[in-house]
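See structure below.
Any read-out appearing in this document is the output of simple, stated calculations on the displayed coordinates, not a laboratory observation. The structure displayed is predicted, hence computed values, not measured ones. Neighbour counts run over all protein chains shown; Cβ positions are idealised from the backbone, glycine included.
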Amino acid sequence: MRDAYLIGAAQTDFGAFPKESYRSLFRQAYEAAVETVPGGIEPEDVDEAYVGMLSIGGRQIGLSAPAVAEHAGLSNIPCTRLENACAASGYAIRDAVQAVKSGMADIVVAGGTEVMNDVSSETLPYWLGVSGEMEWERMAGTTFAGVYAQIASAHMAEYGTTREQLSHVAVKSHQHGAMNPHAQLGFECSLEDAENAQIVADPLTLYHCCPTTDGAAVTIVASEDVVEEYTDEPIRIVGAGAASDGVGLFQRDSYTNLPAARAAADRAYEMADVGPNDIDFAEVHDCFSIAEIMAYEDLQFCEPGEGGRLAEEGKTALGGQIPVNTSGGLKSKGHPIGATGAGQAVEIFKQLRGEAGERQVEGAKRGLAHNVGGSGGAVSVHIFEGPEVDT
Amino acid sequence: MRAIESGVAGIGAYVPDQRIPASALREGWGQFLARGISTKAVPAPDEDAVTMGYEASIRALAAADVDGSEVERLLFASTTLPVAEEDLTARLGAMLSVPETAIRSTVTGSTAAGVQCLVEGACSSGRTLVVASDCPYGAPDDAIEHAAGAGAAAFVLEPDAPLTVMDIAEYALPYPGTRFRNKGSETVDSLSITSYERESLKRALSGAASQLDYDTNKVAAAAVHAPDAAIPYRGSEPLGVDNETVAAAMIVDEIGDAGTAGVGLALASAVADGADSVLVAGYGSGATAALLCLESAADQAPPVELTIEGRRRLSFAEYVRLRGEVTSGAPEGGGGYVSVPTWQRSLAQRYRLEAGRCPTCKELNFPPTGVCSACGTSVEYEPVELKRSGTLEALSVISQGGAPPEFAELQTKYGGAYATGIVAFDGPEGGSASAPAFVLDAEPDDLAVGDRVEATIRRIYTQEGVTRYGFKVAPVEEANER
């Protein structure tokens, strides 16, 4: 099969933008992504588009991909909305890779968009829990904060993970996010800030939870047959793994890791023919701090149960053994649900091209993106290699 | 004269755990108008006549050592049914495994309903489960509300039971306006014409008593209609008993006015205290009286299971919040939507924790849908009821911002936080199956993973006007000493 390459990627600022729509944000991100392609992209170059979107608030649930693509000037091409909760645009990238590898398409746009801040505070919690298991989990009184808090309680009981370790994750995310001009919460926080913030769902405080975010991110994926027409800095997508699991936590074999994340990572490593030690940096799905700790373990950056210590010892901070979420992650950069997976790829694109500024990972050659839907019902993992890696 | 066929084989009583002392109400309102009430029970925000009736019933069935599937007749008495039309005995019966073919009836509109159902059960030859459950409301600042408590009593009646029904009588005569609740109103009202009310009670009770064949000197306790702790004594004279006999079955002073469950609760506590001869005197405004004379054979006290002690004291502020007088109701904006037909298909799981055993690998699956969670085979599950006991495997206390909107008002009433977790329910022959569950605990911060819990049934929420009842769990405190 043909290789697939990431040739362009960009995001809007993440934040709250009362003047923007889900369509105008996507258009901005698309136009910015085109700017990152040295050879440029004309609308007629694009063969296919995949748009990740949960449609928070209920706007345009039907035919949202055509509505978005048309607004960005991508008329007449096949476009599809991807919905896998918060993993929507991770899966959009997966579909783009598959379209390119299969030979069906040469240039594919894969992105996502979400507007979450224009709904009332009474309506928002409904949508924030809409990807939870509805018939049992939700009716026991949980949204995702509650489910991830339950995971944290189980992780603490099994491994002795502490709330302070969760807070270390938050502090590190904000440290990184403060260096990212696109971040929604681009400020630093102290361990005390994180520890003493109001409880949302015990043991998680406000600083252990990501914000609600408006934003869009777009990637452009090319086949090996055409890549040289567009860039001399191609980033090869060497691993694409994905897996799913029971939507409800209670339906899983484990409450202390995400089996689908482990399976997706194994598949991505196998396809890329690399192991966890070969990864230079990663963007992981830290919707709640406990999720980042589990990601370290599921991606095998450490042994199960060691994730809390990895954060505490600073090994996942910039300059550490394996920098994680140099963008600030979902916690600081923001989490516009449908756009998050593509947003992770934007950071990896910047890092591998050496364009990440003061948060640049020295010698970054291979990056990994880990995108989780719900509490682990759907996971995608991608591994990207920069132009300097010999193939 | 109707023939008496059955006696009482088992008694169960349930009173909500939360109590407010009269002193707190006096401090809050500046006065306290309910006579003789020292504390009263306050139902939790997810309790109602159905859930309290369920609690009393499982205790009565356990006391009588009878399974719900062996009940032939289900009689449900309440003046505070959570719906005005819809037969709640279908839901209550399903919660208790009462056969679908059982005869059933709901009696409402009168505080005498509970005793009327006991009379009906006594005249039935099969096995009858009588459930009386009530949680009356008055206008916030009046004597009826000051007295208003809550509770439920349930009785298994069958032939040759240890507590024999010696005689029964009913009587009615028109006395409007003594205590009434008009159509559309949530609160009970009264004209408070004291002499008229006394006359109504006296004439109804004496009319019934005059038809009853009993020896007033042998009555050890008289369980009399008790909207407060003074009115039962007005029954002494027409019933021909002294005040000590009435006092021997007095419970209203501790739990408040339990409506039509009040007499049943008084009967339960008198029997539990060893009374071998009890005169049961129900009264409903309008006015009707229903009497039973009960005697236990020598050394044959009927088994009683009571959960009536109140361990948690409420402040006035908590009380006002629970009574719903200050909360704003469910927010607009929608909740998680589970359609009523979808919900109805899961009632065996919601009410009775019915799991499925995989015939291939024997794994317990909950809910028993889809392929087996262990072996992945598409199977027809063998229905297996999980035990109501289990262990908390994961836990969170949900604070502000963490609750789904459909739980927002409940969260307010629970004081801003509630616990929710995953419970591994014990299988009947070992093993377990896990399910998410709301955790009932006044001090949720004291809970921990590994705690033992037990399931009960409470209201989940009401959507599209239809209340969903389902299991929730409460910690088993004795098992969780740390």
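In nm, give the distance between the simple-model label positions of A:M104 and B:D67, each being 7 Å from the Cα along the Cα-to-Cβ direction. A separation of 5.5 nm, rounded to one decimal place.
Within the protein assembly as shown, what percent of beta bridges assigned by DSSP are antiparallel, to the nearest 5? The antiparallel proportion sits near 75 percent. With R₀ set to 41 Å, the beta-carbon distance separating B:K202 from B:V466 gives a calculated FRET efficiency near 0.40. Taking 25 Å as the straight-line reach from the Cα of B:K218, the lysines in range (excluding those fewer than 8 positions away in the same chain) are B:K202. The lysines within cross-link reach of B:K472, meaning a Cα-to-Cα straight distance under 23 Å and a gap of 8 or more places when in the same chain, are B:K387, B:K413.
Using equal-weight Cα scatterers in the Debye expression, the normalised intensity of segment A:1-147 in log10 at q = 0.12, 0.14 Å⁻¹ is -0.54, -0.71. Cross-link partners for A:K333 among the lysines, with Cα-Cα distance under 21 Å and sequence neighbours closer than 8 places in the same chain left out: A:K19, A:K172, A:K315, A:K350. Taking amide H as placed 1.01 Å from N in the peptide plane, B:L440 has its amide H under 5 Å from the amide H of B:V473, B:A474, each at least 5 places away in sequence or on another chain. The ranking of A:H176, A:H370 by Cβ neighbour count inside 10 Å, starting from the fewest, reads A:H176, A:H370. Taking segment A:175-206 and a reference point 7 angstrom along Cα→Cβ of A:E362, the backbone N atoms nearer than 19 Å belong to A:176. Counting Cβ atoms of other protein chains within 10 Å of each residue's Cβ and taking the mean over peptide B:438-448 gives 1. The per residue volume of the convex hull around the alpha-carbon atoms of segment A:140-250 is 180 Å³. Counting only alpha carbon atoms, the long axis of helix B:113-122 and the longest principal axis of chain B meet at about 90°. In terms of surrounding Cβ atoms within a 10 Å radius of their Cβ, B:L292, B:L74, B:L265 rank from fewest to most as B:L74, B:L292, B:L265. If a spin label sat at a point 7 angstrom from the Cα of B:D189 along the line to its beta carbon, no backbone N atom of segment B:74-98 would be nearer than 11 Å.
Modelled this way, with points 7 Å down the Cα-to-C-beta line, the labels at B:C361 and A:E195 are 4.4 nm from one another.
Each residue of segment B:237-246 is assigned a 3J(HN,Hα), and the resulting list reads 5, x, 8, x, 10, 8, 5, 5, 5, 5 Hz, derived from the Karplus form 6.51 cos²θ - 1.76 cosθ + 1.60 (θ = phi - 60°), x at Gly and Pro.
In degrees between 0 and 90, to the nearest 10, how far off the longest principal axis of chain B does helix B:262-272 point, with axes built from Cα atoms? In chain B, helix B:262-272 runs at an angle near 90 degrees to the longest axis. Using the Cβ-Cβ distance between B:C375 and A:E355 with R0 set to 45 Å, the FRET efficiency works out to roughly 0.35.
With one equal scatterer per alpha carbon and no solvent term, the Debye-computed log10 I(q)/I(0) for the protein assembly as shown at 0.05, 0.06, 0.10 1/Å reads -0.36, -0.49, -1.00.
Looking at chain A, do any whole DSSP H helices span at least 15 angstrom along their long axis by alpha carbon and average -0.5 or above on Kyte-Doolittle, and which?
A:22-35, A:88-102, A:144-159, A:259-272, A:340-352
Measuring from each cysteine beta-carbon in chain B, the ones with no other cysteine beta-carbon under 4.7 angstrom are B:C117, B:C123, B:C135, B:C293. For B:S389, the residues whose modelled amide H falls within less than 5 Å of its own, excluding neighbours fewer than 5 places apart on the same chain, are B:D426, B:A455.
If R0 is 30 Å, the Cβ-Cβ spacing of B:A298 and B:R2 corresponds to a FRET efficiency of close to 0.65. Taking packing as the residue-averaged number of other Cβ atoms within 10 angstrom, the listed peptides A:139-152, B:206-219, A:226-239 run from highest to lowest as A:139-152, A:226-239, B:206-219.
Each 20 Å bin from zero up to the one holding the largest Cα-Cα distance in chain A carries the following percent of pairs: 32, 60, 7.
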